[in-house]
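Engineer: One structure, as structure tokens, below. Some questions next.
The values are calculated or read from the model by the stated rules, or taken from the named source; none is laboratory data. Keep in mind that what you see is a predicted model, and the values were worked out from it rather than measured. Every residue, glycine as well, gets a Cβ built from its backbone with ideal geometry; the counts of neighbours run over all protein chains shown. The area values use the complete protein model at the heavy-atom level, side chains included, leaving out ligands, DNA and RNA. Shrake-Rupley method; radii C 1.70, N 1.55, O 1.52, S 1.80 Å.
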Amino acid sequence: GCQLYPFCGALFGICSMVTLTVVAVDPSLVIRARLASLGLLSRRKALGVLAATWLYSAGWSLPPFFGWSAYVPEGLMTSCSWDYMTFTPSVRSYTMLFFIFVFFTPLFIIVFSHCCIFRAIRHAHGAISKISCEGTRDSAKRLHRMRSEWKMAKIALIVILLFVISWAPYSCTALTAPAG
């Protein structure tokens, strides 16, 4: 149980972070490329992205089973996690690389993607506001759609911020442990 519990926690936690990254990158690519067709994933591409997400997550969850770090009891021995307290090169390297490739890189990509999205929406909103002064019905529809996209982008950002805030204390503890 002490091996399965942290493995599942790592697998599902990593998968959720990578999924949030994919969800942030897709609209950013559409906006940056200015081609709505890029945002439409075929079923095959969507399954490929889904498989890549799970493979990436499994790739970072399985190494403790094979000697690169380990799954061990932690704290008051009431739960288990990967070993981030042992001062061996294996444990230190796994912990540092884990946070670089599983936490900080996806977080950077998410923040960058949302900055691109917010900038594009703000720019488009200004352009549509100028057009809406003319009073056309089409511009009113565009303005309404832009406002709903802005609201969805804000909601996505809030979800991502809550995810980061909820994992930040554990992440700080796990990162400071290898430093002594």
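Engineer: For the stretch 55-73, enumerate the residues that are open to solvent by 40 Å² or more (accessible area, probe 1.4 Å) and over 18 Å from the mean Cα position of the chain (by Cα). Write out each step before concluding.
Structural biologist: Residues of the stretch 55-73 that are open to solvent by 40 Å² or more (accessible area, probe 1.4 Å), as a first pass: 55-56, 59, 62, 65-68, 72-73.
L62, F65, F66, G67, W68, V72, P73, listed by residue number.
Engineer: Then there's this: Could you say which residue among S166, S129, S148 is closer than 25 Å to L4 by Cα, of a type in the set (G, A, S), modelled with pLDDT under 80 and assigned to a helix (DSSP H, G or I)?
Structural biologist: On the way: S129 fails: closer than 25 Å to L4 by Cα; S148 fails: closer than 25 Å to L4 by Cα.
Result of the check over S166, S129, S148: S166.
Engineer: Can you tell me which of S93, S37 is modelled with pLDDT under 85, over 20 Å from I160 (Cβ atoms), open to solvent by 30 Å² or more (accessible area, probe 1.4 Å) and of a type in the set (S, T, N, Q)?
Structural biologist: Working: S93 fails: modelled with pLDDT under 85.
Of S93, S37, the one residue that is modelled with pLDDT under 85, over 20 Å from I160 (Cβ atoms), open to solvent by 30 Å² or more (accessible area, probe 1.4 Å) and of a type in the set (S, T, N, Q) is S37.
Engineer: Another question about this same structure. Condition test on G48, is it surrounded by fewer than 17 Cβ atoms within 10 Å (Cβ to Cβ), in a helix (DSSP H, G or I) and modelled with pLDDT of 85 or more? Working first, answer last.
Structural biologist: Details: surrounded by fewer than 17 Cβ atoms within 10 Å (Cβ to Cβ): yes; in a helix (DSSP H, G or I): yes; modelled with pLDDT of 85 or more: yes.
Yes, satisfied.
Engineer: Which one of W68, W54 is closer than 18 Å to P6 by Cα, touching a residue at least 12 places away in the same chain (Cβ under 8 Å), in a loop (DSSP other than H, G, I, E, B) and of a type in the set (A, V, I, L, M, F, W, C)? Give the steps one after another, and end with the answer.
Structural biologist: Details: W54 fails: in a loop (DSSP other than H, G, I, E, B).
Selected residue: W68, the only one of W68, W54 that is closer than 18 Å to P6 by Cα, touching a residue at least 12 places away in the same chain (Cβ under 8 Å), in a loop (DSSP other than H, G, I, E, B) and of a type in the set (A, V, I, L, M, F, W, C).
Engineer: In addition: Scan A120, A179 and give me the residue that is among the hydrophobic types (A, V, I, L, M, F, W, C) and either assigned to a helix (DSSP H, G or I) or modelled with pLDDT of 75 or more (or both). Give the derivation first.
Structural biologist: Values: A179 fails: either assigned to a helix (DSSP H, G or I) or modelled with pLDDT of 75 or more (or both).
Result: A120 is the single residue among A120, A179 that is among the hydrophobic types (A, V, I, L, M, F, W, C) and either assigned to a helix (DSSP H, G or I) or modelled with pLDDT of 75 or more (or both).
Engineer: Can you report the number of residues in the stretch 79-126 which are touching a strand residue (DSSP E or B) at 6+ places or on another chain (Cβ under 7 Å) and without any contact (Cβ under 8 Å) to a residue 24 or more places away in the chain?
Structural biologist: Count: 1.
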